[in-house]
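For reference, the structure discussed in these notes is given below.
Nothing in this text is a laboratory measurement; each read-out follows from the coordinates by a stated rule. These numbers come from a predicted model, not from an experiment.
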Amino acid sequence: MPYAPDPGDPAERLAFAGLREARHTIIRLIGAHLREDAATSWQGHDFDFTGVVFGGGDFSRATFSGGTTWRPARPGPWLRAMAAALT
């Protein structure tokens, strides 16, 4: 989910913070379901992260065993770290 930088207006900052928390929750949820100890496993499913901005979150110990597309909106050092974790 691409997003704009943190705005200056207080009302817009609140909305921005809410959307950021939603993005982090989605990443946390996906990561939790891709770990070996997940109660409900999503391993083996396909994920398409085309255009996604990962501004936080944690995929440590996640196993991506299905087809996964990684074409982020803004690649950076995090992508190298995630790619290394997946190999």
Practice item. List every residue whose amide H lies under 5 Å from the amide H of residue 68, counting only residues 5 or more places away in sequence or on a different chain, with H placed 1.01 Å from N in the peptide plane. Key: 47
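What does the C-alpha gyration tensor say about the overall shape of the stretch 5-70? Classify as rounded when a/c is under 1.5, otherwise prolate if a/b is larger than b/c, or oblate.
Values: a/c = 3.57, a/b = 2.18, b/c = 1.64.
In terms of gyration-tensor shape, prolate.
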Practice item. Note the full-extension length gain between residue 12 and residue 33 as 0.36 nm times their separation in residues minus their Cα-Cα distance, in nm to one decimal. Key: 4.4 nm
